[in-house]
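**Q** Here you go, one structure.
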Amino acid sequence: MAPETDSTPPNPRGTALAEGLPGLLDASPGPALPAALETWRAAHDLAWADPTSRHAAGRRSRALLDRARAVLAEGLGVRPDEVTLHASGDQAARTALEGLARGRRRRTGPPVTSSVEHSGLLRWLRAGAAEAVEVAVSPTGALDLPAWRAAITEETPFAVLQAANQEVGTRQPLAAARSVAAAHGVPLLVDARASVGRDPVPQDFDVLVADAVSWGGPRLGVLVVRTGTRFSPHDPPSPHEGGFALDPVAVPTALAAAEAWQQVTTDDGEESRRASELIDRVRSAAGAVAAVDVVGDPRDRLPHVCTFSVLYVDGDTIVDELARHGLAVASGSACTSDTLEPSHVLAAMGALTQGNVRIILPLAAVSPDRADDVERLCAVLPEVVRSARARLGITDL
């Protein structure tokens, strides 16, 4: 008898969004593409069995899992045997950090990273036996390369750098950063969870982490470890993904992620071009409002991410006001929004940390009205900011 399977889609939020929820300008953690959801549902009839089982159903699940892995590997430009799949991007990132730490333990210096990495990575790196060196960034959020060069030594076990920032969109100079690391024999872990599927796939890495939610798939972590990188799997050994994953990955989830990848990579960059134009529109409209600071690099950035900060007003107030206009945006750090702490990214950039509004455009396939939503946001934003300040007695700016 087949075991019972969960009938809830891996990203329930995606179902409603696929039906056209209006006003969505915050796609974090990401609505699933309709085609990915259909693949997920259909796959449960074929791939319900444990792919490690030796019976026919298990072998079929294994073949389908390998097919999904091959699709993702081809898209990432790597070999299938360099790819392991994990229950989430967070788990893939933690496995990457732990595997590098075990594999590079003969080097006793601290890891090196930037001050604007995802908060989960920074927490792990700060809690290690040798607290990481956090390299400063420019006012746009780009890595300070001279400081990076000075921080990496022959004793550095590994380095960590995001492909682009999840909050302000600024891309990082991966080629230059990896060149510095490679000169000292230091592997570079690239956190590409915010960019893969929405921006060109990074090529300058030794270890890479991605998450299928960024390209309209279900929650699925993808870890790439290039052949030749010193990397140790879990201890005690795990039976999943060659010892790299602590938990098994549901085969339907992997197939849905692969289907979503195929969907987003067939438009020859049109999605990114249109998203970038819409974000340019938001940046221009927000920058035209008095005492509003639009942060991040205006050009060398992700096409779908924008953050601006409104002086004198709490970010949640702006979010609530825009919600009354039927527009869904977010505030706070993209990776610490469940806390009361100010954004560490904006603080590291020397930007205003209060009153910030974050926009992450969903894919056009799940938000066909996003261009209209952007125009509506740009039209109402000046009055929303003015009225919010007026309630605080601030009228002369």
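**Q** For region 97-148, enumerate the residues that are of a type in the set (Asp, Glu) and either farther than 26 Å from Arg301 by Cα or touching a Gly at 6+ places or on another chain (Cβ under 9 Å) (or both).
**A** Glu98, Glu131
**Q** Identify, please: which residue in region 114-139 is part of a helix (DSSP H, G or I) and touching a residue at least 24 places away in the same chain (Cβ under 8 Å) and is, among those, most open to solvent (accessible area, probe 1.4 Å)?
**A** Only one residue tops the list, namely Trp124.
**Q** Mind checking which residues of region 195-216 are of a type in the set (Gly, Ala, Ser) and touching a Phe, Trp or Tyr at 6+ places or on another chain (Cβ under 7 Å)?
**A** Within region 195-216, just Gly197 meets the criteria.
**Q** Scan region 167-184 and report the pairs whose first residue is in contact (Cβ under 8 Å) with a residue 40 or more places away in the chain and whose second residue is open to solvent by 60 Å² or more (accessible area, probe 1.4 Å) and of a type outside the set (Lys, Arg), with Cβ atoms within less than 8 Å and a gap of 6+ or a chain change.
**A** If the second residue must be open to solvent by 60 Å² or more (accessible area, probe 1.4 Å) and of a type outside the set (Lys, Arg), the pairs left are Thr170/Asp300; Arg171/Asp300.
Residue by residue, here is whether (1) open to solvent by 30 Å² or more (accessible area, probe 1.4 Å); (2) closer than 21 Å to Ser114 by Cα; (3) touching a His at 6+ places or on another chain (Cβ under 8 Å) holds:
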| residue | (1), (2), (3) |
| --- | --- |
| Thr307 | no, yes, no |
| Arg324 | yes, no, no |
| Ala328 | yes, no, no |
| Ala348 | yes, yes, no |
| Leu361 | no, no, yes |
| Val374 | no, no, no |
| Val384 | no, no, yes |
| Ala388 | no, no, no |
| Ile394 | yes, no, no |
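**Q** With the checklist (1) over 17 Å from the mean Cα position of the chain (by Cα); (2) more than 28 Å from Pro248 (Cβ to Cβ) in hand, flag the one item Val168 doesn't pass.
**A** (1)
**Q** Okay, moving on. Looking at region 269-288, which of the residues that are of a type outside the set (Lys, Arg) and in contact with a helix residue (DSSP H, G or I) (Cβ under 7 Å, 6 or more places away or on another chain) is nearest to Ala194 (Cα to Cα)?
**A** Looking at residues that are of a type outside the set (Lys, Arg) and in contact with a helix residue (DSSP H, G or I) (Cβ under 7 Å, 6 or more places away or on another chain), I get Glu271.
**Q** State which residue is surrounded by the fewest Cβ atoms within 10 Å (Cβ to Cβ) when the search covers only region 227-252 and only residues that are among the polar types (S, T, N, Q) and under 23 Å from Gly77 (Cα atoms).
**A** This residue is Thr227.
**Q** Moving on to the next point. Give just the number: which of (1) at pLDDT below 90; (2) open to solvent by less than 60 Å² (accessible area, probe 1.4 Å); (3) not hydrophobic (A, V, I, L, M, F, W, C) does Asp268 not satisfy?
**A** (2)
**Q** Take region 140-166 and flag every residue that is touching a residue at least 60 places away in the same chain (Cβ under 8 Å) and on the phi < 0 side of the Ramachandran plot.
**A** Thr140, Ala142, Val160, Ala164, Asn165, Gln166
The values are calculated or read from the model by the stated rules, or taken from the named source; none is laboratory data. Everything numeric in this text was worked out from a predicted model, so none of it was measured. With ideal geometry, Cβ positions are generated from the backbone for all residues, glycine too; neighbour counts draw on all protein chains shown. These accessible areas exclude ligands, DNA and RNA; they are computed on the full protein's heavy atoms, side chains included. Shrake-Rupley method; radii C 1.70, N 1.55, O 1.52, S 1.80 Å.
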